[in-house]
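J.: Pasting in a structure now, in structure tokens, and then I'll have a few things to ask.
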Amino acid sequence: MSHKAGFVNIIGNPNVGKSTLMNAFIGEKLSIITSKAQTTRHRILGIVNGEDFQMILSDTPGIIKPAYQLQESMMDFVKSAFEDADVLIYMVEIGEKELKDDAFFNKITNSKIPVLLLLNKIDTSNQEQLEEQAELWQQKVPNAEFFPISALEGFNVQNVFNRIIELLPESPAFYPKDQLTDKPERFFVNEAIREKILMHYKKEIPYAVEVDTEEFFEEDNIIRMRSVIMVERETQKGILIGHKGSALKRVGVEARKDLEKFFGKQVHLELYVKVNKNWRSNQKQLRRFGYNKK
Ligand SMILES: Nc1nc2c(ncn2[C@@H]2O[C@H](COP(=O)(O)OP(=O)(O)OP(=O)(O)O)[C@@H](O)[C@H]2O)c(=O)[nH]1
Ligand SMILES: [Mg+2]
């Protein structure tokens with residue numbers, strides 16, 4: 001029997017729905033999703049396994065002009081996604097006009113490998129707007145195959161999936177067939193906590209936060225975790241903890257519920273907050289948190 005396998009890398013502007021699509025393909029909440037830009041900071045593999053195929057999806061950070069070292073590392077993940085793709089998924093959303101980075105955009109329009117151009121969030125548009133947007137994007141990226149979709153509502157998602165399978169090269173599997181992702185369990189703990197921080201805090205707070213899970217002990221009936229939330233400054237620490245610890249408590253309760261679903265087991269989650277001065281601009285700290293591969 002022939003077997004297909006390959007890398008399918010999802011790129012695009014921030015907040016267009018890249019992580020939503022990856023989760024829809026996987027059928028699990030692998031990537032966190034929020035209404036804020038720059039939710040995803042890493043390249044996260046999500047693997048869909050079939051008897052005769054292995055589709056290795058990559059969710060990547062939204063493309064931005066980097067303003068500090070962390071964002072530069074995020075854009076390095078995007079660059080790496082261009083290097084090993086067998087199929088490139090370029091996602092745009094209804095109402096969007098352009099990719100902010102010309103170099104990345106040129107790579108897409110000059111791509112030697114197949115590009116699927118997905119116009120997402122069509123559930124928010126009417127017929128007229130959809131037609132106008134479809135024309136605009138097909139002109140801008142003439143080398144791509146075009147699909148209007150709603151990642152949130154699942155519209156056209158199966159058709160995109162089927163087309164990717166057709167485009168995958170003949171190849172043996174790259175990962176064991178029971179593997180779902182390249183990231184360790186602790187990564188998903190960090191992300192669940194960061195998602196709640198993105199949801200509940202304003203302005204610069206979510207962007208100044210990094211989470212590190214220091215303990216992860218699995219017992220028969222419960223997983224015990226302890227995570228530290230790092231902020232860049234003392235004032236941010238106070239905001240994060242809130243009056244009598246109420247704000248931090250909410251983060252802990254909500255993250256724990258998600259993690260219980262994710263691991264299918266009872267979870268005990270202990271959180272504390274620490275100042276890690278200017279970690280976003282510190283190469284050593286970034287390497288420690290898995291951002292800087294150089
Ligand atoms: N209406 C609608 N909303 C969507 C759709 N897909 C995603 N969203 C919403 O768009 C927002 C961003 O979704 P994400 O999946 O986090 O977007 P992303 O591209 O991964 O964002 P970054 O990681 O920040 O680059 C969330 O509020 C999603 O619920 C869609 O098809 N329709
Ligand atoms: Mg994302």
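The values are calculated or read from the model by the stated rules, or taken from the named source; none is laboratory data. Small disclaimer: the values here were computed from a predicted structure and weren't measured. Neighbour counts are summed over all protein chains in view; Cβ atoms, including those assigned to glycine, are modelled from backbone coordinates with ideal geometry. Each accessible area value is taken on the protein alone, full model and side chains, heavy atoms only, with ligands, DNA and RNA left out. Shrake-Rupley method; radii C 1.70, N 1.55, O 1.52, S 1.80 Å.
J.: Please compute the modelled spin-label separation between Glu132 and Asp84, points set 7 Å along Cα→Cβ, answer in nm with one decimal.
T.: 4.2
J.: Let me make sure I get this right: for region 1-146, a, b and c are the square roots of the gyration tensor eigenvalues over alpha carbons, sorted descending. Under 1.5 in a/c it's rounded, otherwise prolate if a/b > b/c, else oblate. Which is it? Could the numbers behind the result be given before it?
T.: Values: a/c = 1.35, a/b = 1.14, b/c = 1.18.
The shape class here is rounded.
J.: Amide H to amide H, which residues 5 or more places from Val273 or on other chains are under 5 Å from it, using H placed in the peptide plane?
T.: Excluding prolines and chain starts, which carry no amide H, the hits are Ile229.
J.: Over its Cα atoms, what ratio of radius of gyration to 2.2 N^0.38 Å does the chain give? Intermediate results must be reported in sequence, preceding the final value.
T.: On the way: Rg = 19.7 Å, N = 294, 2.2 N^0.38 = 19.1 Å.
Its radius of gyration relative to the 2.2 N^0.38 Å reference: 1.03.
J.: Averaged over all directions, how much area does the convex hull of the C-alpha atoms of region 181-294 cover when projected, in nm²? Could you put the intermediate results ahead of the total?
T.: Numbers: hull surface 30.1 nm².
If I average the Cα hull's projected area over directions, I get 7.5 nm².
J.: What percentage of all Cα-Cα pairs in region 136-211 are separated by more than 15 Å?
T.: Values: 2159 of 2850 pairs.
For region 136-211, the share of Cα pairs beyond 15 Å comes to 76 percent.
J.: Top to bottom by accessible area (1.4 Å), largest first, where do Ile10, Ile26 land?
T.: Details: Ile10 0, Ile26 30 Å².
Result, largest first: Ile26, Ile10.
J.: Just the number, please: carbon plus sulfur as a percent of the accessible area of region 155-291, 1.4 Å probe, no ligands or DNA/RNA counted.
T.: On the way: 3790 of 7510 Å².
Within region 155-291, the accessible surface is 50 percent carbon and sulfur.
J.: Pairs Lys18/Lys97; Lys237/Lys261; Lys196/Lys261; Lys65/Lys203; Lys202/Lys277; Lys196/Lys274: which are spaced more than 26 Å apart, C-alpha to C-alpha?
T.: Details: Lys18/Lys97 17 Å; Lys237/Lys261 28 Å; Lys196/Lys261 15 Å; Lys65/Lys203 18 Å; Lys202/Lys277 20 Å; Lys196/Lys274 17 Å.
Checking Cα-Cα distances, Lys237/Lys261 exceed 26 Å.
J.: Work out the FRET efficiency for Lys274 and Lys36 from their Cβ-Cβ distance, taking R0 = 30 Å, and round it to the nearest 0.05.
T.: Details: r = 23 Å, r/R0 = 0.77.
Calculated transfer efficiency: 0.85.
J.: Just subtract the alpha-carbon distance of Asp123 and Glu166 from 0.36 nm times their residue separation and send over the number in nm, one decimal. Can you show the working numbers first?
T.: On the way: separation 43, 0.36 × 43 = 15.48 nm, distance 2.65 nm.
Full-extension gain reported as 12.8 nm.
J.: Here is a follow-up. For Asn13, what residues show an amide H to amide H distance below 5 Å, using hydrogens built from the backbone and excluding near sequence neighbours?
T.: Those qualifying (amide H under 5 Å, at least 5 residues apart or on another chain) are Ile63.
J.: With a 1.4 Å probe and all protein chains left in place, how much accessible area per residue does the chain have, in Å²?
T.: Numbers: 14000 Å² over 294 residues.
Solvent-accessible surface per residue comes out at 48 Å².
J.: Please find the FRET efficiency linking Arg233 to Asn159, where r is the Cβ-Cβ separation and R0 is fixed at 41 Å, and quote it to the nearest 0.05. Mind showing how you got there, number by number?
T.: Working: r = 48 Å, r/R0 = 1.17.
Working from the Cβ atoms, E equals 0.30.
J.: On to the next question. Starting from the Cα-Cα distance between Gln179 and Glu215, subtract it from 0.36 nm times their residue separation and give me the gain in nm to one decimal. Please list the in-between numbers first.
T.: Working: separation 36, 0.36 × 36 = 12.96 nm, distance 2.28 nm.
Fully extending the segment from Gln179 to Glu215 adds 10.7 nm.
J.: Using a 1.4 Å probe and counting only protein heavy atoms, arrange Asp178, Asp102, Asp212 so the residue with the most accessible area comes first.
T.: Numbers: Asp178 140, Asp102 110, Asp212 40 Å².
Descending order: Asp178, Asp102, Asp212.
J.: Let me know the shape class of region 106-164, please: from the alpha-carbon gyration tensor, a ≥ b ≥ c as square roots of the eigenvalues, rounded when a/c is under 1.5, otherwise prolate if a/b is greater than b/c, or oblate.
T.: Working: a/c = 2.73, a/b = 1.29, b/c = 2.12.
Since a/c reaches 1.5 but b/c is at least a/b, the shape of region 106-164 is classed as oblate.
J.: With springs only between Cα atoms under 10 Å apart, run a GNM on the chain and tell me which of Glu145, Glu93, Glu83 wobbles the most.
T.: Glu83
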